[in-house]
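The structure appears below as structure tokens.
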Amino acid sequence: MEDEQSFSDICGGRLALQRRYYSPSCREFCLSCPRISLRSLTAVTCTVWLAAYGLFTLCENSMVLSAAIFITLLGLLGYLHFVKIDQETLLIIDSLGIQMTSSYASGKESTTFIEMGKVKDVVINEAIYMKVIYYLCILLKDPVEPHGISQVVPLFQSAKPRLDCLIEVYKSCQEILAHQKAPSTSL
Amino acid sequence: MGLVSRGTAAAGLGPARAAVRPRPPDAVPNLISTPPPEGAAPGSSRIPSMVLKAFFPTCCASADSGLLVGRWVPEQSSAVVLAVVHFPFIPIQVKELLAQVQQASRVGVAVLGTWCHRRQEPEESLGHFLEGLGAIFSHEPWLQLCRERGSKFWSCKATRRQVPTCPATSGEDQVMLVFYDQRKVLLSQLHPPAALPDRQAGDATASAVGLAAVFDTVARSEALFRSDRFDEGPVRLSHWQSEGVEASILVELAKWAAGPICLLLTCLLSLVSAASACRKANMLVSVLLDVALGLVLLSWLHRKDRIGQLADALIPVADHVAEELQHLLQWLMGAPAGLKMNRALDQVLGRFFLYHIHLWIGYIHLMSPFIECILWHVGLSACLGLTVALSILSDIIALLTFHIYCFYVYGARLYCLKIYGLSSLWRLFRGKKWNVLRQRVDSCSYDLDQLFIGTLLFTILVFLLPTTALYYLVFTLLRLLVVTVQGLIHLLVDLVNSLPLYSLGLRLCRPYRLAAGVKFRVLEHEAGSPLLLLMQINPLSYSRVVHTYRLPSCGCHPKHSWGSLCRKLFFGELIYPWRQRGDKQD
């Protein structure tokens, strides 16, 4: 079962949340960030080349121009491969774990998988950063202390959705995590 | 939801196989459908409504029907399937083989269930037969996996014979099928993000938790993978060894030819345990690269008589450096940067240093006939490795700039003495004294003549301070320049020595060998069929590879912090950049 909804992020950009319910114990949430805009790309390229041309008129060396082109290309490739995240996916599988995947604009995917045995809970935290923002995070269990938290792993760092989107994801995750908590209390 | 239709039980074998089956199908009672109400056996401690995960190797997905052999992990409610035993088999021999494997590998291998890879038309007799096998090899829970040939339709069923504790749950569990590449999981090494604090190396049972248990199980079951379905043993198994028979005879021959070479390499490295084989390999590769680079450098040096050119250039360079130093001293003896120096002290210091340089030049010229011979022999040492050549270069620089080092020491000692005297007399000026016993400043009443002499000396020292300070500053800067150059060379040597090239190469070519974790992918899913996941290995990032496998460098980095360095410079204490903390300081 698949459905798609559109939300907005904290800066006002448009986000698309795609939900897939594979089975009652497996759900996937896919947040697509706004794409790289042609306007900002053109602006940056024009600035760099104007600066290079200014330098060229000063020092009369054509190497400056070729260097500027080279730098622009490398910079763009590096940005697409290392910085610009296109899509962030959260896959939650009951009794296996939670997997976060970030797909970059160049196609690279970076995945992290956290086993269910380490997950304490999934919560929405509030942070004050010039204004109040909300973020979804996974709390990990502390191996030493049974009721402690060893680490907080924030989710959807690049997409930065607003509270309404986070509540949807939170409710779905809690439904799956509830399977885990119920039997552990009865043992 | 997630459970399968009853139609899967009605599968069938071809009639040709019926003749060699060990027992006739109708003789086996059908135990599964009516669970006898015995007392709950104290078997596996499982969590009642946890989904059952079956880890199935991808190589067995196309294997013929048979028994599933593997390990059951009750804490995570997961079944790790290691191999499929094909028909025909004799149950006693299967049990013997499993007992052998269990003893050899200390892994609890058992028969987990049945695997059915059927053709289009289902046959009734196989269903009863497969269920009957559950009586021969009893296991809780009993897995029944079934796949239709040529389709993606899988069906999984896991049944339990004992009465469950909560009456609400039925005797069947939800099953999730996770496919894994057996060969890759066998060869890979998990690098958990945080090492468990009390992990013993030689645990008898698999103490790994979570998914590490799956890796552990597969890695330790080498004994099970020795015989194959193509071998002529009593039991025919299908596992990762069964696939990979190449279609091309040339590729197959090349693999066989490469076998002895790989065996030789592994023998060289297998003298140690697997845990540090990677480190040994890294060291070996680093040393080999070092020697290779050294030989390249050697061949470059000896071509076109470069050594002779170097030797010829050395003496003029040393002369040039000495001349520049002389100019510098002349400048200091004049009015450097418009500052007015104390004439007498200036002349004394300047002449002293000039004479020192004169002596040094004399020694260099004395040695000049032997320079070429020495350089030629030193150049030969490059065949021992690039790092040796670089270290010798660093030492040659130290020797050639020895006079700068001497000047620095003279200037620093003089300055240090002056600062020491100044601070002591400043305390006298204010009527205080340093108490050596108590290591603190105490007040003290001085006599008049003590005060008079003290003030006089203090004034003299204060007025001579700029001159000494300037000399000290100049020579310290020169010394720091030389130290920086030497430090860069040492850094390069460290880099060549400690970079784990073998691990980086492994990460590049065989990324599944170094695993940071796993990643899952949901395969095509249809409503009503069980969830199918593919487990792939998430390789380690390059930065973590370097961090984990970095060889220990000789550690000749300066151990001072910037603050202590500045403090030492200000007070004129000597800086020894290559001495470790804890060595005797004078």
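The values are calculated or read from the model by the stated rules, or taken from the named source; none is laboratory data. Just so it is clear, the structure is predicted and the values come from calculations on it, not from any experiment. So basically every Cβ, Gly included, is an ideal-geometry build from the backbone, and we count neighbours across all protein chains shown. Surface accessibility is based on the protein's heavy atoms, side chains included, excluding ligands, DNA and RNA. Shrake-Rupley method; radii C 1.70, N 1.55, O 1.52, S 1.80 Å.
Residues of the range B:81-103 being surrounded by 15 or more Cβ atoms within 10 Å (Cβ to Cβ) and either within 21 Å of residue B:55 (Cβ to Cβ) or under 38 Å from the mean Cα position of the chain (by Cα) (or both), which ones?
B:81, B:82, B:83, B:84, B:85, B:86, B:94, B:97, B:98, B:101, B:102
Only residues in the range B:552-580 that are over 21 Å from residue B:490 (Cα atoms) count as the first member; pair them with residues that are modelled with pLDDT of 75 or more and in a loop (DSSP other than H, G, I, E, B), Cβ under 7 angstrom, at least 6 apart or cross-chain, and list the lot.
As it stands, the answer is B:568/B:575, since those pairs meet every condition given.
Out of the range B:533-550, which residues are open to solvent by 40 Å² or more (accessible area, probe 1.4 Å) and assigned to a loop (DSSP other than H, G, I, E, B)?
B:541, B:550
Is it the case that some residue within the range B:416-433 is closer than 25 Å to residue B:338 by Cβ and either outside any helix (DSSP H, G or I) or open to solvent by 40 Å² or more (accessible area, probe 1.4 Å) (or both)? Please lay out each step first, then the result.
Applying the first criterion (closer than 25 Å to residue B:338 by Cβ) to the range B:416-433 yields B:418-419, B:422.
Going one step further and asking which of them are either outside any helix (DSSP H, G or I) or open to solvent by 40 Å² or more (accessible area, probe 1.4 Å) (or both), we end up with none.
No: zero hits.
Step by step: first the residues of the range B:371-403, then only those that are open to solvent by 50 Å² or more (accessible area, probe 1.4 Å) and touching a Gly at 6+ places or on another chain (Cβ under 9 Å), then the one that is farthest from residue B:295 (Cα to Cα). Which residue is that?
Among those that are open to solvent by 50 Å² or more (accessible area, probe 1.4 Å) and touching a Gly at 6+ places or on another chain (Cβ under 9 Å), it is B:372.
Within the range B:426-441, does at least one residue satisfy the condition of being in contact with a strand residue (DSSP E or B) (Cβ under 7 Å, 6 or more places away or on another chain), under 19 Å from residue B:465 (Cβ atoms) and not β-branched (Val, Ile, Thr)? Please lay out each step first, then the result.
Start the filter on the range B:426-441 by keeping residues that are in contact with a strand residue (DSSP E or B) (Cβ under 7 Å, 6 or more places away or on another chain), which leaves B:427, B:431-435, B:441.
From what's left, under 19 Å from residue B:465 (Cβ atoms): B:427.
When the remaining residues are screened for being not β-branched (Val, Ile, Thr), the result is B:427.
Yes, the range B:426-441 has at least one match.
Output yes when any residue across the range A:29-37 is within 14 Å of another protein chain (Cβ to nearest Cβ) and in contact (Cβ under 8 Å) with a residue 40 or more places away in the chain, and no when none is.
Looking only at the range A:29-37, we keep the residues that are within 14 Å of another protein chain (Cβ to nearest Cβ), and these are A:29-30.
Now restrict to residues that are in contact (Cβ under 8 Å) with a residue 40 or more places away in the chain: A:29-30.
Yes: one or more hits.
Across the range A:124-182, which residue is farthest from residue A:104 (Cα to Cα) among those that are away from chain B (no Cβ under 14 Å) and of a type in the set (S, T, N, Q)?
Of everything passing the filter in the range A:124-182, A:174 is farthest from residue A:104 (Cα to Cα).
Return the residues of the range B:274-330 that are within 23 Å of residue B:357 (Cβ to Cβ) and among the aliphatic types (A, V, I, L, M); say none if nothing qualifies.
Taking the range B:274-330 as the starting set, the residues that turn out to be within 23 Å of residue B:357 (Cβ to Cβ) are B:311-330.
Within the range B:274-330, B:311, B:313, B:314, B:315, B:317, B:318, B:321, B:322, B:325, B:328, B:329 meet the criteria.
From the list B:441, B:462, pick out the single residue that is assigned to a strand (DSSP E or B), loosely packed, with under 14 Cβ neighbours inside 10 Å and not acidic (Asp, Glu). Explain how you work it out, then say what you get.
On the way: B:462 fails: assigned to a strand (DSSP E or B).
Exactly one of B:441, B:462 is assigned to a strand (DSSP E or B), loosely packed, with under 14 Cβ neighbours inside 10 Å and not acidic (Asp, Glu), namely B:441.
Considering only residues that are small (Gly, Ala, Ser) and within 13 Å of chain A (Cβ to nearest Cβ), which ones fall in the range B:49-78?
Once the filter is applied, which keeps residues that are small (Gly, Ala, Ser) and within 13 Å of chain A (Cβ to nearest Cβ), the range B:49-78 yields B:49, B:54, B:77, B:78.
What's the number of the condition residue A:74 fails, among (1) of a type outside the set (Val, Ile, Thr); (2) farther than 23 Å from residue B:539 by Cβ; (3) within 14 Å of chain B (Cβ to nearest Cβ); (4) open to solvent by 60 Å² or more (accessible area, probe 1.4 Å)?
Answer for residue A:74: the failing condition is (3).
Would you call residue B:553 farther than 30 Å from residue A:112 by Cβ, among the hydroxyl-bearing types (Ser, Thr, Tyr) and at pLDDT below 80?
So residue B:553 passes the test.
Per-residue answers, yes or no, for (1) among the hydroxyl-bearing types (Ser, Thr, Tyr); (2) modelled with pLDDT of 70 or more; (3) surrounded by fewer than 15 Cβ atoms within 10 Å (Cβ to Cβ):
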position	(1), (2), (3)
B:232	no, no, yes
B:238	yes, yes, no
B:242	yes, yes, no
B:274	no, no, yes
B:283	no, yes, no
B:288	no, yes, yes
